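The block underneath contains the structure these notes are about, expressed in structure tokens.
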Amino acid sequence: MEQVKLLSMTVILTVLIWWSADSLVNEAVSVSVTFKAVPEVAAPDMLVEVAAPNKPFEMQISGPRRIVEDVLGQAPLHARLRISDRTTGPATIRLDREFLKREMAEQWNEFRELTIVSVIPDTLPIILDHWITKDVNIVLKRLGLAYDVEPQSKPTSTTVRMRESRLQELPEGQPLQIDVSGEVERLLKDQSAGQSVTVTIPITPDQRIFGRDARLMPGTVEVTATVKAQRGTASISTVPILVAVSFANLGKPYRAVTRNGSPLSLVTQTISVTGPADEVSRLARGTTRVYGIIHLKEDDLEQLEVLKLMTPEYHLPPGVELTEVPPAIEFRLTNVSTTETGE
């Protein structure tokens, strides 16, 4: 029994001795590491990235064999390097051993017991940038429609979040603005003319101006306008002229004739009109009819065979009007019975 105890103790001691010896033996190896640059927490508006190409670095490490082997088992390593805030533009980070030791130990506990001997190359090229906010004017410069009330945007400006590097590339003094004319008129052209209309326009930053990843706040704008009715002008020929008498005189035997005795109902005029384009077009095609009226008063009916000059009143569709006063019509009133009997 004593021999068994002695043998067991011998085995345990042997294992402990070998484990201790292995832990005390230092080994130096090279491990492949790829670095990713990230901003420090204290610089939330900073952007940082490794300048291309981002090739693996060779890091020489030394330490207890067991720990070195653990690190090698995780290779290749992908490490983050926290970069402190600095000026926008390219920069070079020196990879000194103290800096690397701190960053690597934050991600792998094994590095707390390892020594970083060197890293090749020993610098990391990076590109730094910053998010900035700028005011952007909302403009309407290329308006083609006619308006009774010109388009007004609300708000008149928005805010863009863009990279500082892109702002530095723009010509000095160039105003930041977004022209929403095209989208506004696309939505307004089918709206009712003569009425105030408000449309909501989504706005997005042009990457050619504001750069990639730019974002507008807010991303919509409301535009209010009153579109003027599109007007047209046309000449309408052979418009008939009618004679109107009061209801009380309808039964009287009078007839309106021209100087040479032709019935006035055969007389026509050519008139020029202007108004909403659709209404004018219907008049020109004859889809809508128009006529002129000569209103006779009681005194006119008592003056037979007297030549008169009177200007017709034209009944036109709503919004349509004469471009000029038409010529007066010459006529006379004659007794129907006298005309028919030839007396």
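The values are calculated or read from the model by the stated rules, or taken from the named source; none is laboratory data. Bear in mind the structure is a predicted one, so any value in this text is a computation, not a measurement. A quick note on method: Cβ atoms are made from the backbone with ideal geometry, for glycine too, and the neighbour counts reach across all protein chains shown.
The set of residues in the range 282-341 that are among the hydroxyl-bearing types (Ser, Thr, Tyr) and more than 17 Å from Ser262 (Cβ to Cβ) comprises Thr287, Thr288, Tyr291, Thr311, Tyr314, Thr323, Ser337, Thr341. From the list Leu81, Leu77, Leu124, Leu143, the one residue that fits, being closer than 30 Å to Ile178 by Cα, among the hydrophobic types (A, V, I, L, M, F, W, C), surrounded by 13 or more Cβ atoms within 10 Å (Cβ to Cβ) and under 46 Å from the mean Cα position of the chain (by Cα), is Leu143.
Given the criterion closer than 30 Å to Val223 by Cβ and either part of a strand (DSSP E or B) or among the β-branched types (Val, Ile, Thr) (or both), identify the matching residue among Thr133, Thr87, Thr92. None of the other options fit; the residue is Thr133. Does Asp190 qualify as being under 19 Å from Ala229 (Cα atoms), surrounded by 11 or more Cβ atoms within 10 Å (Cβ to Cβ) and at pLDDT below 90? No, not satisfied.
When Ile178 is tested against (1) within 13 Å of the chain's Cα centre (by Cα); (2) loosely packed, with under 12 Cβ neighbours inside 10 Å, just one condition goes unmet, and that condition is (2).
What do you reckon, is Thr123 over 30 Å from Gln174 (Cα atoms) and in contact (Cβ under 8 Å) with a residue 40 or more places away in the chain? Give the steps one after another, and end with the answer.
Values: over 30 Å from Gln174 (Cα atoms): yes; in contact (Cβ under 8 Å) with a residue 40 or more places away in the chain: no.
It is false that Thr123 is over 30 Å from Gln174 (Cα atoms) and in contact (Cβ under 8 Å) with a residue 40 or more places away in the chain.
When the residues of the range 50-61 are filtered to those that are out of contact with any Pro (no Cβ under 8 Å at 6 or more places or on another chain) and loosely packed, with under 14 Cβ neighbours inside 10 Å, which remaining residue is nearest to Ala214 (Cα to Cα)? Can you show your working first?
Start the filter on the range 50-61 by keeping residues that are out of contact with any Pro (no Cβ under 8 Å at 6 or more places or on another chain), which leaves 52-55, 58-61.
If we keep only those that are loosely packed, with under 14 Cβ neighbours inside 10 Å as well, we get 52-53, 55, 58.
Numbers: Ala52: 22, Pro53: 25, Lys55: 29, Glu58: 37 Å.
Result: Ala52.
Residues in the range 268-320 that are in contact with a Phe, Trp or Tyr (Cβ under 8 Å, 6 or more places away or on another chain) and part of a loop (DSSP other than H, G, I, E, B): Val290, Leu304, Leu307. Candidates Lys101, Lys36: the one that is without any contact (Cβ under 8 Å) to a residue 40 or more places away in the chain, over 35 Å from the mean Cα position of the chain (by Cα) and surrounded by fewer than 17 Cβ atoms within 10 Å (Cβ to Cβ) is Lys101. Filtering the range 245-258 for residues that are out of contact with any helix residue (DSSP H, G or I) (no Cβ under 8 Å at 6 or more places or on another chain) and surrounded by 12 or more Cβ atoms within 10 Å (Cβ to Cβ) leaves an empty set. Applying a threshold of 7 Å to beta carbon distances and a minimum spacing of six or more residues, or different chains, the list of pairs starting in the range 187-211 at a residue that is on the phi > 0 side of the Ramachandran plot and ending at one that is assigned to a strand (DSSP E or B) reads Gly194/Asp148; Gly194/Thr226; Gly211/Met162; Gly211/Arg163.
Just one of (1) touching a residue at least 40 places away in the same chain (Cβ under 8 Å); (2) in a loop (DSSP other than H, G, I, E, B); (3) over 29 Å from Met162 (Cα atoms) fails for Glu58. It is (2). Please indicate, with yes or no, whether at least one residue in the range 72-80 is in a helix (DSSP H, G or I) and over 30 Å from Ile203 (Cβ atoms). Yes, the range 72-80 has at least one match.
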